[in-house]
Amino acid sequence: MPRDVAKEDTHPVIRCDSVYKIFGGNAEKNIRDADGAIDVKTLQDAGCIFGVNDASFEVHRGEMLVVMGLSGSGKSTLLRCISRLTDTTAGKIFIDGEDLLAMNAKDLIELRRNKMGMVFQSFALLPHKTVLENIAFPLQMKGVSTQDSIKRAAAMVELVSLGGRENYFPRQLSGGQQQRVGIARSLAVEPDIWFLDEPFSALDPLIRKEMQDEFLRLQGMLNKTILFVTHDFDEALRLADRIAIMKDGIIEQIDAPANIVLNPATEYVAKFTNDVPREKVLKCGDVMEEVGDPSGISDMSVSKDAIIESVAEAVLNEPKPVPVTNGNDEMIGVLNSKTIIHILFSKSSAGTSPVA
């Protein structure tokens, strides 16, 4: 599971305020006639389609926000609005406090070159260039010398574990290896913000799992601010610090994975969580209870960050409540065998916890 996100930096890297993307020839005229107001029903009656509908949220430094939903939910449209590959219809987007929508073309190019990295489902590698040349290419477009760009590209090759394949062409690589080249190319420019749109969806399940492992390893080393789009709920649970679930352009819920599993805000979100193996998602700190009688607790202890699956057997075999400790080995709660049983064998309804 991803690490905890430090919130010492209270200024968001990405901030969206009531962002809309509306498709349809009548959208702009209707909004002008309404003095900038967005009347969803009027616009829908006029034949307009909402790609993004009133999205407001923040992403903090080092945080990985996974945006997920089914096809047509608006998740990729939202990412394209925040990277300004698509123009928004209304709302505000700020990157490190700067108004993204007010930037001119020159400022936008500089922002993308120096702060943003992008990885898409299509690997988009240049077939006539080697691995090293593909990775060095965006640096050379920035004006970096050939020598320095190749040196940086070589470091990226090692970072994504492609050592020995520097001189291979894309056709000589597997799908997973090609995706690693795409990731390395994106990282070569040292972006502060990383946008990834379904980067692993074209891969077979085994390679996809390997790429998720690799991605978590890289994020543990680099601590990027990430907006990651996927339609796979299991992938979202595995990677995210927070998950935003979208439907028809609306963010139905945005929360930590454990809170989405324990307390789905809507019936739609609950459908995603119904078959989730909770023991593989929840941590001890998510379901611990308050300490009662300190003299009646077990001698063993578990970390608040331990996944329930990894401690379930030990806790079930312990007749006394098991202390849950923080990073300083201080007891902050207890875990009972009845809680483990609820997690393993109960299903929750929307808005209720399985350990109530």
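The values are calculated or read from the model by the stated rules, or taken from the named source; none is laboratory data. Values in this document were obtained by computation on a predicted structure and should not be read as measured data. When we count neighbours, we look across all protein chains shown, and the Cβ atoms used for this are built from the backbone with ideal geometry, even at glycine.
Restricting to the range 168-184, count the residues that are assigned to a helix (DSSP H, G or I), surrounded by fewer than 17 Cβ atoms within 10 Å (Cβ to Cβ) and either modelled with pLDDT of 90 or more or basic (Lys, Arg) (or both). Number of matching residues: 2. Counting only strands (runs of 3 or more DSSP E) wholly contained in the range 222-271, no element carries 1 or more residues that are among the acidic types (Asp, Glu) and within 24 Å of ASP192 (Cβ to Cβ).
Of the residues making up the range 325-350, those that are touching a Lys or Arg at 6+ places or on another chain (Cβ under 7 Å) and either exposed (fewer than 13 other Cβ atoms within 10 Å of the Cβ) or closer than 19 Å to LEU262 by Cα (or both) number 1. Beta carbons closer than 8 Å, at least 6 apart along the sequence or on distinct chains, pair a first residue in the range 216-229 that is in the same structural domain as GLN121 (by TED's automatic domain parsing) and under 20 Å from GLU58 (Cα atoms) with a second that is of a type in the set (Ser, Thr, Tyr) and at pLDDT 90 or above for VAL229/SER76. Can you run down the residue pairs with Cβ atoms below 7 Å, 6 or more apart or on separate chains, where the first is in the range 268-291 and more than 20 Å from ALA312 (Cβ to Cβ) and the partner is of a type in the set (Asp, Glu)? Pairs found: TYR268/GLU252; VAL269/GLU252. Of the candidates SER83, SER56, the single residue that is touching a residue at least 12 places away in the same chain (Cβ under 8 Å), polar (S, T, N, Q), at negative phi and surrounded by fewer than 15 Cβ atoms within 10 Å (Cβ to Cβ) is SER56. The listed residues are ALA105, ALA27, ALA90, and the only one of them that is of a type outside the set (Asp, Glu) and exposed (fewer than 13 other Cβ atoms within 10 Å of the Cβ) turns out to be ALA105. The residues of the range 1-22 that are modelled with pLDDT of 80 or more and surrounded by 15 or more Cβ atoms within 10 Å (Cβ to Cβ), listed by number, are PRO12, VAL13, ILE14, ARG15, CYS16, VAL19, TYR20, LYS21, ILE22.
Given the structure, is SER295 touching a residue at least 24 places away in the same chain (Cβ under 8 Å), assigned by TED's automatic domain parsing to the domain that holds PRO323 and surrounded by fewer than 19 Cβ atoms within 10 Å (Cβ to Cβ)? Judged against the criteria, SER295 is not a match. Checking LEU203, LEU187, LEU196 one by one, the residue that is buried (at least 16 other Cβ atoms within 10 Å of the Cβ), part of a loop (DSSP other than H, G, I, E, B) and in contact with a Gly (Cβ under 9 Å, 6 or more places away or on another chain) is LEU203 and no other. Please tell me if PRO205 is free of Cβ contacts under 8 Å to residues at least 40 places away in the same chain and more than 17 Å from the chain's Cα centre (by Cα). Taking the combined requirement at face value, the residue satisfies it.
The set of residues from the range 115-167 being surrounded by 16 or more Cβ atoms within 10 Å (Cβ to Cβ) and part of a loop (DSSP other than H, G, I, E, B) comprises LYS115, GLN121, PHE123, LEU125, THR130, VAL144, VAL160, LEU162, ARG165, GLU166.
Mind listing just one residue for me: the one in the range 229-281 that is among the hydroxyl-bearing types (Ser, Thr, Tyr) and over 11 Å from the mean Cα position of the chain (by Cα) and, of those, surrounded by the most Cβ atoms within 10 Å (Cβ to Cβ)?
THR273
Do the conditions hold for VAL311, that is, is it within 29 Å of ARG208 (Cα to Cα) and part of a loop (DSSP other than H, G, I, E, B)? No; evaluated as a whole, the condition is false for this residue.
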